[in-house]
Amino acid sequence: MKQLARLSLCLLGFALCAGAAAPSTDPNPGFAKMKTLVGEWEGKAADGKAVEVSYRLVSGGTALMEMLRPAGESEMVTMYTADGDRVAVTHYCSANNQPRMQTTPLSSSPQQLDFAFVGATNLASPAAGHMHRLVVSFQDDDHFTQDWTWREKDKEGVETFHFTRKK
């Protein structure tokens, strides 16, 4: 009986050691990367106008809410969520539509997330003006860039924002 107890303890010890040595993998590395943005940021658009953005986790950490405040424009909300091995976005635009975008499948921690248009609510027609693409590029823990692509009647324009974390 004592031998069986010792054997059980040894097996339990090996199992615990093996579990501790196994690398932890986030089921969605893109969403994990986006969560590093939680906090307050200040930045500038390409034309030099000030822009602020803040991020906070909501819904038990399953969604990341972005509040984008470009100077002289209406505040906009963008929600980021994990969607399997992709990251999905719904952008609540001041243009009164809600584009949905997503990344391609991700298997490792990205330095850039490229969100492509998949549909929209409240969009009068495919030619109506809407955000069609978003690229988020991470320079380091305190700097990132957003490139928002606006599409209207098959013409596109890109607005770039460079952000620095507020300390």
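What follows draws every value from the coordinates through simple rules; no lab data is involved. Small disclaimer: the values here were computed from a predicted structure and weren't measured. Every residue, glycine among them, receives a Cβ derived from its backbone with ideal geometry; neighbour counts consider all protein chains shown.
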Using a simple spin-label model with points 7 Å from Cα along the Cα→Cβ vector, what separation in nm is obtained for H143 and D83? 3.1
Near the amide H of V87, under 5 Å away, which other amide H atoms are found, from residues 5 or more places off or on another chain, if H is placed in the peptide plane? T103
Once the in-chain neighbours fewer than 8 apart are removed, the lysines whose Cα is under 20 Å from K49 read K166
If each residue of separation counts as 0.36 nm, what is the full-extension length gain between A116 and T104 once their alpha-carbon separation is subtracted? 3.5 nm
In order through segment 59-64: 3J(HN,Hα) via Karplus (6.51 cos²θ - 1.76 cosθ + 1.60), integer Hz, x for Gly, Pro: 6, x, x, 8, 9, 10
Rounded to whole Å, give me the distance from the Cα center of segment 86-116 to that of segment 127-141. 8
Extension length gain for A128 and A71 (0.36 nm per residue less Cα distance), in nm, is 18.1 nm
From the phi of every residue in segment 93-106, what ³J(HN,Hα) in whole Hz does the Karplus formula 6.51 cos²θ - 1.76 cosθ + 1.60 yield, where θ is phi - 60° and glycine or proline is x? 8, 5, 7, 6, 9, 10, x, 10, 9, 8, 7, 6, x, 10
